[in-house]
Amino acid sequence: MGFFVFLPLILPLTAVPIARLTGQHLHPRGAARLMTVISAVMAVCSVLCLGLIGVVGTAQIPGNPLPDSWSDPEVRAALPYHETVGTAAMWLLALVLVACLRTAVRHVRVRSRARRALNGLPKVSGPGGDLAVLPDHSPYAYALPGSPGRVVVSTGMLDGLAEDEREALLAHERAHLVHRHHRYLLTTQLAANVNPFLRPLQEAVAFSAERWADEESAQAVGDRRITARAVARAALVSRAVPAPGFAAFAAPAPAPGPVPRRVAALLGPVPSSRNWPPAKTPAGLAALVAAVGTAASALCALNAAVALLVVLKAVTPL
Amino acid sequence: MADERHAPAAGDAPARRRGQGELEAQVLAVLQCAPGPATAGWVQERLEGDLAYTTVMTILSRLHAKNAVSRTRSGRSYRWQAASDAAGLAALRMRRMLDGEADRNAVLASFVSALLPHDEELLRALLDSASADPAAADRES
């Protein structure tokens, strides 16, 4: 195993280019799926390697699952172990676990609270029955996953939109529900909890999911401009300006935020339906790098796990 | 909890909002138990904690602004009644959830995310170009 066991912890960096170049030459559907798979695999490998480093490194601390024969000098020579690193890995693992639990609990809580809020609201059967219009001046629109999923829109949001734009909004939210985008979001959020290097992928997946729903909406209403107007107007109605944090100061040349980029993409050409970017483009190269990184990450994790198993088998008298 | 009840003067904004959401729900619950239209004083008596009359009035007017309660004039004061429609109550509960959960956008896919400082003008320009077709131009004017 050796040094390779640490690789999966930094290999997620190979996915940064694809996260940056997302949307180029790639349909948002393909981009979201590709990046979700990449981040899930890399997160699992990271956890596996942290676990291995931890188990091996803390071999001499009581309570370690490794057998006593572990202290055999030959075994020690075969596997690198360092108590400080091992203990750190164990602490990191605990932190990761706590962070993931918090994310999961938050998801369950928000969804059940939203569902409870809609309790008692008469359900209309037939098309449009999933829509819950709530009388509220503050504009919002959410897709609430579940079975059946529901679309929650405030009157404040609907009032700000024209008739065709409302249709685009509903089609957008329904696309989230139909394609179960919340699973992509949850998966990548958990992955980003495991390894902070996966955070760019998480943001890129969240953006791709919105773009994906935008494209579905544009297809449903039959005009990309309508969806573009709906997104732009909804954003202006909500005008949710983030608290002046450091994002505002960190960017001297203001890069457009996600909403204008979505609108611009909708006003541009239809994205090609391919799920893998063409080879001789920056995006193709980035996808290749990310794929190689993922494969290497999986190999390293597997290699380390197998090495540990082989050594264990060798030293365990059975 | 006790701090939040008396929060209007002190405390940071999110805490105050959450406190208000809870108070509104309490007031609404009291009104729903009422046999008929109730006065603010009646509500105040039945609320937990020692809330000032003006606070109850503020909450009632806020609920009224949200269409969660209706009011009828009786003499020099109002009589309040919980709005009967389920949508209003659902909206209120949803509002409480949205105010209480800072990370709701990480869980529920929101239609639009927050704008960056320069996004607004950019969006207006894009909107203009998106509305360039005649039908939309009519509606714009």
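Averaged over residues, the count of other Cβ atoms within 10 Å places the peptides A:296-309, A:179-192 in the sequence A:179-192, A:296-309, highest first. Stokes-Einstein diffusion for region A:156-241 at 10 °C, viscosity 1.306 mPa s, with a Kirkwood radius from C-alpha pairs, works out to 116 µm²/s. Sorting A:CYS100, A:CYS49 by the number of Cβ atoms found within 10 Å of their own Cβ, with the fewest placed first, yields A:CYS100, A:CYS49.
Ordering A:PHE4, B:PHE111, A:PHE197 from the fewest to the most neighbouring beta carbons within 10 Å gives A:PHE4, A:PHE197, B:PHE111.
Each residue of region A:25-30 was assigned a 3J(HN,Hα) from its phi angle through the Karplus curve 6.51 cos²θ - 1.76 cosθ + 1.60 (θ = phi - 60°); the sequence is 6, 9, 5, x, 4, x Hz, with glycine and proline shown as x. Look at the stretch A:131-137: the mean tally of other chain Cβ atoms within 10 Å of its residues' Cβ atoms is 6. Here the simple spin-label model places points 7 Å from the Cα toward Cβ, and for A:LEU131 and A:VAL98 these points are separated by 4.6 nm.
Annotation for A:ALA220 and A:PHE4: the two label points, set 7 Å from Cα along the Cα-Cβ direction, are 4.8 nm apart. Fully extending the segment from B:ARG46 to B:ALA65 would add 4.6 nm, taking 0.36 nm per residue of separation and subtracting the current Cα-Cα distance. Each peptide in A:165-174, B:47-56 gets a packing score, the mean of other Cβ atoms within 10 Å over its residues, and the list from highest to lowest is A:165-174, B:47-56. Put in line by how crowded their Cβ is, counting other Cβ atoms within 10 Å and starting with the fewest, B:ARG95, A:ARG274 read A:ARG274, B:ARG95. Counting Cβ atoms of other protein chains within 10 Å of each residue's Cβ and taking the mean over peptide A:100-112 gives 3.
Every number here is computed from the coordinates shown, using simple stated rules; none is lab data. Small disclaimer: the values here were computed from a predicted structure and weren't measured. Methodologically, a virtual Cβ is constructed for each residue, glycine included, from the backbone with ideal geometry; neighbour enumeration extends over all protein chains shown.
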